[in-house]
1. Go through Met375, Val402, Ala437 and say which Cα lies farthest out towards the positive end of the charge dipole of segment 343-454; charges sit on Cβ, +1 for Lys and Arg, -1 for Asp and Glu.
2. Using amide H atoms built 1.01 Å from N in the peptide plane, name the residues 5+ places from Leu250, or on other chains, whose amide H lies under 5 Å from its own.
3. Take Tyr269, Tyr106 and order them by how many other Cβ atoms sit within 10 Å, fewest up front.
4. Run the quick spin-label model on Leu271 and Gln361: label points 7 Å from Cα toward the beta carbon, then report their separation in nm to one decimal.
5. Calculate I(q)/I(0) for segment 250-380 by the Debye formula, one identical point scatterer on each C-alpha and no solvent, and give its log10 at q = 0.10, 0.13, 0.16, 0.20 Å⁻¹ to two decimals.
6. Can you find, among Ser173, Thr212, Tyr223, the residue sitting farthest towards the positive end of the charge dipole of segment 166-250, where Lys and Arg contribute +1 and Asp and Glu -1 at Cβ?
7. Where a ≥ b ≥ c are the square roots of the eigenvalues of the C-alpha gyration tensor, would you call the chain rounded, which needs a/c under 1.5, or, failing that, prolate if a/b is larger than b/c, or oblate?
8. How big is the charge dipole of the chain about its Cα centre, in debye rounded to the nearest 20, if each Lys and Arg gets +1 on its Cβ and each Asp and Glu gets -1 on its Cβ?
Amino acid sequence: MAEAELKVQEVFAGKGGPPFLTGLRRMFYLVTPNETSFQTLEEVPKYVQQAAPCFFGMILLELLVASLKNRRSPTRLNDSISSMSAGMMSEMTNLAFSMGIYMTAYVWVHENYRLVDLPWDSPLTWWAAFIGVEFSYYWLHRMSHEANILWASHQVHHSSEDYNLTTALRQSSTQKLGTFFLFQLPMALLVPPAAFWVHREFNLLYQFWIHTELVTSLGPLEYVLNTPSHHRVHHGRNPYCIDKNYGGTLIIFDRMFGTFAKEEEKVVYGLTHPLNTWDPIWVQVCHYTHIWRTFWVTPGLANKLSVLWKGPGWEPGKPRLGCIEDIPKVKYPEPKYDTKVPALWSVYVAVHFFLALVLYQELFAVVKVLTTAAMLGRVMFVVWTLVSVAAIMDRKPSAPVVDFTRCLMFVLVVMTTSLSGSPAVMLPSPLLNAMVAWYLLSAAIWGGNYLVPAFKAKAVKAD
Ligand SMILES: [Zn+2]
Ligand SMILES: [Zn+2]
């Protein structure tokens, strides 16, 4: 077990990105078995991590094309920051509950209990792993919608009322905890770890580009592949969209198991009961609190267990997945949660969010040499920033105090540790100095009470 654990730790230490075109091909699963078959887990490149430049490049491209086409941006700053914040929260949770733990278990099961020996370099193994990962993803995803306790984590991904490439980054912090062991670990009985990991990465990467409204139809490919059109239906809250189109890369399992729906009337995105906040922690935990309350007020042990394992819309006396008539009808245009803030605040929020991204990148770059306390300190500061930025966008009365304290804390920690000779943040000096100046200015703005009265105004709903 220890050796397997060591192997997995090494997998996550790889460096170096691919050439531009190779990176781009990977975003669409356009790879050959020959170039993506590996004998050991250690040899598998960190495909998802290496794709970060493609994520941001494609987001900018979508923004540009959509703006030229529709003359208005498809992306709202508050919603995009909320989506990217969820993605960052999810990846930081992976640091604490490292995917290494999951893959260590996978390697252990495969080494001790595998039923067949599939040759790692055979294209047949590659294709079997491709289908196996897609099949397990279909059921993992379907159960994440049909079992309330799993939906509590997966609903994060569906909580955006917009649909664009940033929505793809909106991920749950708790989903892997519940679904890996149930749905993916059994694959270790058949599929070698490296082949499983390669396809798990590409399955995830493929699902990025389908989160767009710019691609209408892909013709005959719509019969086989999961496409933007099919996935738009999956994100819909129109009654015809509920519990449909679970595929990752393919749509064939939805067609086989009766969960396919074609895009028809205009899709309205998001949860049937929207969250109405940008808070990155609340989005992760809100449905757990709902389940907790429902569990205790529901009479009888059998009913209480059903609250956990039946559908989110289930109540005593109803079918397992609830009644489709209970889904609220959509209207056009459906109002979205939106909060208007002055343009200067938007700039302020965007700059602080960008700096949170810088600190987040620094965290992942140096994580291997950090003590647990230093790692947790960084995670807490990035989360604090995301919460603070969201509070400003939500126009919460607490935002000025939360952000003033945060900015002051950053300045104090960086300055005192720099004086002691071991700076808390490992960034180039010019950048770090500029950040200290900016945080100091930010604290001064809040401390000077300049913006506080404006927070007495409440958030407003807008189209
Ligand atoms: Zn889903
Ligand atoms: Zn999605």
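No value in this document is a laboratory result; all are computed from the given coordinates. Because the structure is predicted, anything quoted here is derived from the model rather than measured. Cβ: placed from backbone, ideal geometry, glycine included. Neighbour counts: every protein chain shown.
1. About the Cα centre, the residue reaching furthest to the positive side is Met375.
2. HN-HN under 5 Å from Leu250: Asn226.
3. Ordered by Cβ neighbours within 10 Å, fewest first: Tyr269, Tyr106.
4. 3.2 nm
5. Here log10 of I(q) over I(0) equals -0.66, -0.98, -1.10, -1.20.
6. Value: Ser173.
7. Oblate.
8. 1200 debye
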